1. Return the only residue of B:252, B:289 being in contact with a helix residue (DSSP H, G or I) (Cβ under 7 Å, 6 or more places away or on another chain), closer than 16 Å to residue B:231 by Cβ and either at pLDDT 95 or above or of a type in the set (Val, Ile, Thr) (or both).
2. Inspect all residues belonging to the range B:58-69 and state whether any of them is without any contact (Cβ under 8 Å) to a residue 40 or more places away in the chain and on the phi < 0 side of the Ramachandran plot.
3. For residues that are free of Cβ contacts under 8 Å to residues at least 60 places away in the same chain, crowded, with 24+ Cβ neighbours inside 10 Å and closer than 17 Å to residue B:209 by Cβ, tally how many sit in the range B:231-256.
4. In the range B:57-73, which residue that is at pLDDT below 95 and hydrophobic (A, V, I, L, M, F, W, C) is farthest from the chain's Cα centre (by Cα)?
5. Filtering the range A:280-296 down to residues that are more than 10 Å from every other protein chain (Cβ to nearest Cβ) and of a type outside the set (Gly, Ala, Ser), which residue is surrounded by the fewest Cβ atoms within 10 Å (Cβ to Cβ)?
6. When you look at residue B:173, is it part of a strand (DSSP E or B), of a type outside the set (A, V, I, L, M) and more than 19 Å from residue B:263 (Cβ to Cβ), yes or no?
7. Select from the range A:323-336 the residues that are within 17 Å of the chain's Cα centre (by Cα) and not hydroxyl-bearing (Ser, Thr, Tyr) and list them in ascending order.
8. Among B:187, B:159, B:232, which is farther than 28 Å from residue B:12 by Cα and of a type in the set (A, V, I, L, M, F, W, C)?
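The values are calculated or read from the model by the stated rules, or taken from the named source; none is laboratory data. Computed from a prediction, not measured in an experiment: that's the story for all the values here. A quick note on method: Cβ atoms are made from the backbone with ideal geometry, for glycine too, and the neighbour counts reach across all protein chains shown.
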Number of protein chains: 2
Amino acid sequence: VIVGILGGGQLGRMLALAGHPLGIGCVFLDPAADACASPLARSIRARWDDVDGLGELARQADVVTFEFENVPAASAELVATLTRLRPGARALAAGRDRLDEKRLFRRLGIATARFVAIDDAADLDRAGDELGFPYLVKSRTLGYDGKGQYRVDSAADVARIGAAIGSRPAIAEELVAFDRELSVIAARDEAGHVLVYPLSENRHRDGILRLSLSRPGDRADDAAQACIRSLASELDYVGVLALELFDRGGTLLANEFAPRVHNSGHWTIEGAQTSQFENHLRAVAGWPLGATAARGHAAMINLIGDAPRPPDVLRCGHARLHLYGKEPRPGRKIGHVTVTADSAGELAARLGELAFLLDPTDRPSLPV
Amino acid sequence: VIVGILGGGQLGRMLALAGHPLGIGCVFLDPAADACASPLARSIRARWDDVDGLGELARQADVVTFEFENVPAASAELVATLTRLRPGARALAAGRDRLDEKRLFRRLGIATARFVAIDDAADLDRAGDELGFPYLVKSRTLGYDGKGQYRVDSAADVARIGAAIGSRPAIAEELVAFDRELSVIAARDEAGHVLVYPLSENRHRDGILRLSLSRPGDRADDAAQACIRSLASELDYVGVLALELFDRGGTLLANEFAPRVHNSGHWTIEGAQTSQFENHLRAVAGWPLGATAARGHAAMINLIGDAPRPPDVLRCGHARLHLYGKEPRPGRKIGHVTVTADSAGELAARLGELAFLLDPTDRPSLPV
């Protein structure tokens, strides 16, 4: 089976690494000359909307998937006319617009933070009245990792932020005073079977994920499973799906979903029976899914900006290093480190050995 | 770090897969056009004794290693003059000749089966007197997977087998009535630190490994560790080293060692904290070793000859499939399947789901 992948970044790279032992070959389409997946598989260098490139990808592949959700709708639709696209164009479309996404959650009975549609500057004032200050404003499309997001602290901010947004449609959201940031990741196969991974508990800073912890047996597990099963079914989803959640006093509020493998699931390579990458490939290839149960407790630390020297990380004999082959650059995700242990206590001790990888402001958030 | 590897078969392929996440690139030298490691890394197509090819390998790599022990001595020596060779030419040489190898074991106080050097046909008669019938005759060099081996059942066989061996120097060995076939695998770094994996218990048929089981906490663990630590130290070894042992009534008899990653250690990918492939790369790169402790219980089934359809294997949600990208051919190792579990009992149940992968004659040997 050959799987075509729109995007040749680190997610594509880890898909390719998972594919080789399964006999699943990958072929990537990416506009970048230095796409970090390219040493692992064939790649086609083309723009996301290049009709010839997309046609070549569809021709080489038995099924096409993607590693990022901002694939142009027309490109997805073109591919879907040429070969199988998994997950389908509908799953891509449903997550493209933050307002539509929130409305979908509501329709499925999945709780969210309160929100207000922002079509013009007057709506920002209305948002302040309805949501209170501070609140968040996000562009409805094309945002990721905190980009295109603003925080409105008071009525005095409204004019400035209204100007920054301009005529782009946006959404204002209640700033959730959450206790925990969680994500839940599921795989769904062509026959509709769904397997859900243990929850991830996540720490972000500056809008970028820093640390994820597996939470096997978490008290929020049942509620999170219900949310993602409902969403996966509604979207007739095939592949791996991730849903970000806030836990506020034991109530889960859905933030957004990603129709792809997810940074908060990288720990599944060592910390689950089958990794999210392998299960995504198995699902889109039409194969049975692998077990998603936890293997002990796991933590993943993102390496952002520049890389430590490998021996400095590997001095911790339980660290598993994953470099993506990307040039260091401020704010860029260039790798991650996973640690596993048989118990949460042992995990905390091992993470302590790797505290130097964390920004000082993140260290207090290490589990104990 | 770039690691040059003599040999681009499945062991090289799994080294390359382990290298990518560590930022360790591999470059292979192999005479075959279809070397199965080549989709994973650069490769140089050349004969084992091709001076230009070996020079190119040494030029491209920071350190050179090998995935098979029958590297010509002159090739190893040439590479060692051009760059670092890890493990060194001495480790290669020590295992090249079965008679020298047995004598080395004896010198280190490691027990072996009784043996007799065979230089001419008269020695075969002497072997019968000393060892009793049946006994084994093996060529002193270049044998693997049961090739170049003969069983002498009675004095009537001597003339025929003497003719088959001809003038090749050989060794006659007592046929050990063993209770178990074991192997022990260790990694040794440049500073001389040694980490030993849990024992593997192995089942062979027709001289080819069929099944390996991890045996964390086995009663023979201390004795096996002592053997391999002594051997690794004697050889001033750097990298992963495997030692095959017979367990006869609780006494370990060394059969042979392999100066490389080993088929009976493939379960370490899922069944140990750090795989043998990753630790070999870490050692030869001069980096610290990763922990070798078991992760639960593991079993590995070799896929020999032809491959099952992947979905048939993956229907067992705990099976991890490793195909090597090789064309099926009778007797050829084309992949393996690993299963892990928290307990030996759970492992046996999961292995039961995969019994169809085993020859009927092997099925009774599944653990219970």
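1. B:252
2. So far as the range B:58-69 goes, yes, one or more of its residues are without any contact (Cβ under 8 Å) to a residue 40 or more places away in the chain and on the phi < 0 side of the Ramachandran plot.
3. So the count comes out to 1.
4. Among residues in the range B:57-73 that are at pLDDT below 95 and hydrophobic (A, V, I, L, M, F, W, C), the one farthest from the chain's Cα centre (by Cα) is B:73.
5. Checking each candidate, the answer is A:281.
6. yes
7. A:331, A:332, A:333, A:334, A:335, A:336
8. B:159
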